[in-house]
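Data first, discussion second: the structure below is written as structure tokens.
The values are calculated or read from the model by the stated rules, or taken from the named source; none is laboratory data. The structure displayed is predicted, hence computed values, not measured ones. Note that each Cβ is placed from the backbone with ideal geometry, even for glycine, and that neighbours are counted across all protein chains shown. Quick note on the areas: whole protein, heavy atoms, side chains included, nothing else; ligands and nucleic acids left out. Shrake-Rupley method; radii C 1.70, N 1.55, O 1.52, S 1.80 Å.
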Amino acid sequence: MIKHYEFGQFLLNNAYINAQELAGGLSGALKSGEPVGEVLVRMGVLPKVSLEEAVRRYLSIPEISLTQVIIEPRVAGLIPEEMARRYTLIPFERRAGILRVAMVDPTNERALRDVRMFTGLEVEPAFAKKDEIQTAIRLCLTVEQSVARLAHLTDRTCEDQAVWVIKSNEGDAQEEDAPTLKLIHSVLHEAVVQGVSDIHWEPRKNDFVVRYRIDGKLIRKHVLATNTARSIVSCLKVMAQMDVAERRIPQDGRMTFSAGSRSVDLRMSSLPIVYGEKIVLRILDPKMAQRPLGGLGMRSEVEAGVQVLLKRTNGLILVVGPTGSGKTTTLYALLRELNAEEQNIISIEEPVEYQLTGVNQVQVNLQAGLTFAVGLRHILRQDPDVIMIGEIRDEETARIAVTASLTGHLVLSTLHTNTAAEALTRLMDMGIEPYLLASVVSGVLSQRLVRKLCEHCKSPYTLSASEKRASQLPASITLLYRAIGCPECLGTGFRGRIGIHEFLLYNQEIKNLVLSRHNSRDIEQQAMVSGMLTVFEDGLLKVAQGLTTVEEVLHAVSGIEG
């Protein structure tokens, strides 16, 4: 802990500043509450580089050169790569319960605390140059550790009997065991175990990067040699039954990965970029399609309202939100509620991500001329009770969906809008007459996804008065939780995601506003008068319950990074 006066005297005694500058710095520190060093930097009398040097000398923090140190990967690997890059630090020595850590900023208390909590060891900081730390991270936490981890995962994958089955031209099954395929097995096994939704394989100028999307965030996990890109991409394209020789145009494919008794579908997309072909694998875990309505994080009153709408035999139920907000998962949960032997349920999707037993699923095929609109016309001739439309994109699809709702069918669909009220005005903008909307719309559910705090490491803290005002939380809420990071959550502080929702129930007041073509703001105000909570308000309730953070809610609702 740096004390203002003592540190100021240290600066004076070591000729960093003169007596007049010290007096001004101490005065400014007392008024603003800032550290005296930061005040002196702001005054322009002490360069930031000199301040950092002085702090290290004052705290007796040693300076080391990582070029003269041999770092064991198992020591560096005590913390995840993400944490090392976030704080620009790397462990370089462990002895008798003490972990020595090279840092760009050895006075960063939050970094020291996070490393201490993650490793369970006492931390002894040392200063090292930024470029040396970054090089050590690349060598110890990226290249060497990735290879070691991949080798370990390969062994474990083989033990779990995780195999790719690729059909040859003759139709016989072949099991490949080439090194490239084993590496791909290892990455996929790790991704499935860690709950990854997408794997990005990205060729760059000097390396080949593998990134995972976990709980909506992209995290760099492996850096491979550039010369491995061609063989890995070719192998992936063979697995997905894509044209290996074609590298000039995007392609799409699909495959299945099995690890023991667990099997997941993978949807693959290739895209030509400057340094080669970028591959994205979407992991389609069947468990996602099996999530019940009660497992999506809805408040009890929202879930009850949705259940009432599902009991109707006609009408249009819309689920809205931006890309990646979980709309498809919600639609599948609604279909699971409706799924019964006496119901003829037909869906049209692009693409069909999960297969649901009892639901007749149609996949859009633009090359064959099977669009949403064309498919819907034919679905109406199949005597359906419930129709699910993956997305309403144009006037023709919207008009057929409205017509189906009017003629005794329950229709479920999605729209890309930010709020529930905007869904109604969007349909009017598409050309749907207000009197038709007033007749068919039953309700609109708007949603976002926020990351859930890890139950193993989340830490309580008391809100200050300024934080309470800024977060707009009720005065009764004084205790919240923050993300810390532990092995269970891979150092992120979050594990899993939960929905935040607003549910606009279509009542007479809303219908009157639609009939008179009011804007979405007027419709939203009326819905709030009728008791609707916005996604932001629902998010704050989940913050108060200790499920997530204010920063997560702000980021989900407005795109602000927390």
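Of note:
- Whole-number percent relative contact order across the range 193-276, with pairs defined as alpha carbons under 8 Å at least 6 apart: 19 percent
- Estimated FRET transfer efficiency when R0 is 45 angstrom, pair LEU139-GLN343 (beta carbons, to 0.05): 0.15
- Set LYS130/LYS278; LYS311/LYS452; LYS182/LYS278; LYS48/LYS130; LYS48/LYS205; LYS237/LYS327 screened for pairs whose C-alpha atoms are more than 25 Å apart: LYS130/LYS278; LYS311/LYS452; LYS48/LYS205; LYS237/LYS327
- Per-residue [θ]222 nm for the chain (sum of -39500 (n - 2.57) over DSSP H runs n ≥ 4, rounded to 500): -11500 deg cm²/dmol
- Between the range 180-222 and the range 319-383, the alpha-carbon center distance in angstrom: 30 Å
- Counting only protein heavy atoms and a 1.4 Å probe, the range 470-562 has 47 square angstrom of accessible area per residue.
- Remark: the LYS287-GLU509 segment gains 76.0 nm on full extension, using 0.36 nm per residue and subtracting the alpha carbon distance.
- Between LYS130 and GLU455, full extension at 0.36 nm per residue minus the direct alpha carbon distance yields a gain of 113.6 nm.
- Intensity falloff of the range 294-365 expressed as log10 I(q)/I(0), Debye formula with alpha-carbon point scatterers, at q = 0.16, 0.23, 0.24 Å⁻¹: -0.64, -1.30, -1.38
- Cβ-based net charge around ILE500, under 15 Å, with every Lys or Arg adding one and every Asp or Glu removing one: -1
- C-alpha long axis of helix 19-32 to longest principal axis of the chain, angle in °: 30 degrees
- Two-decimal Rg to Rh for the range 173-237 - Kirkwood Rh, Cα set: 0.98
- Hull shadow area, averaged, the range 362-436 [alpha-carbon convex hull, nm²]: 5.2 nm²
- Cα gyration tensor shape for the range 303-460, rounded if a/c is under 1.5, else prolate or oblate: prolate
- Ordering ASP114, ASP243, ASP215 by accessible surface, largest first, gives ASP243, ASP215, ASP114; the 1.4 Å probe counts only protein heavy atoms, with every chain in place.
- Relative contact order (percent, whole number), the range 11-85, Cα cutoff 8 Å, 6+ residue spacing: 19 percent
- Per-peptide packing, taken as the mean over residues of other Cβ atoms within 10 Å, places 47-59, 384-396 in the sequence 384-396, 47-59 from highest down.
- Our summary gives the chain a relative contact order of 9 percent, counting only alpha carbon pairs under 8 angstrom and 6 or more residues apart.
- Shape category assigned to the chain from the gyration tensor of Cα positions, a/c cut at 1.5: oblate
- Contour excess over end-to-end distance, with Cα ends at ARG95 and ASN108 and 0.36 nm allotted per residue: 2.5 nm
- Computed with a 1.4 Å probe over protein heavy atoms only, the accessible surface of the range 1-88 comes to 59 Å² per residue.
- Cβ crowding within 10 Å averaged over residues, with 274-281, 184-191 ranked highest first: 184-191, 274-281
- Per residue convex hull volume, Cα atoms of the range 401-490, in Å³: 183 Å³
- Distance between the pseudo-spin-label points of SER300 and SER32 (7 Å out from Cα toward the beta carbon): 5.1 nm.
- With K and R counted +1 and D and E -1, the other residues having a Cβ less than 12 Å from that of THR323 yield a net charge of +1.
- Estimated FRET transfer efficiency when R0 is 56 angstrom, pair ASN365-GLU53 (beta carbons, to 0.05): 0.25
- At the residue level, CYS140 shows approximately 10 square angstrom of accessible surface with a 1.4 angstrom probe and all protein chains present.
- Simple label model, 7 Å out from Cα along Cβ direction - ILE64 to LEU271, nm: 4.1 nm
- The value obtained for the range 1-104, namely the Cα convex hull volume divided by the number of residues, is 135 Å³ per residue.
- Beta bridges per DSSP with both ends in the chain, % antiparallel, nearest 5: 65 percent
- A Cβ-based charge dipole, computed about the Cα centre of the chain with Lys and Arg at +1 and Asp and Glu at -1, lands at about 920 debye.
- Under 27 Å of direct C-alpha separation, and excluding same-chain neighbours fewer than eight residues apart, LYS458 reaches these lysines: LYS217, LYS221, LYS287, LYS468, LYS542.
- When the surface is traced with a 1.4 Å probe over the full set of protein chains, ILE523 keeps roughly 0 Å² accessible.
- Taking Lys and Arg as +1 and Asp and Glu as -1, the other residues whose beta-carbon sits under 13 Å from that of ILE79 total +4.
- Annotation: for a label point projected 7 angstrom from Cα along Cα→Cβ of THR403, residues of the range 420-445 with backbone N closer than 20 Å are 427-442.
- Note on ALA465/ARG262: beta-carbon distance plugged into 1/(1 + (r/R0)^6) with R0 of 51 Å gives a FRET efficiency of 0.55.
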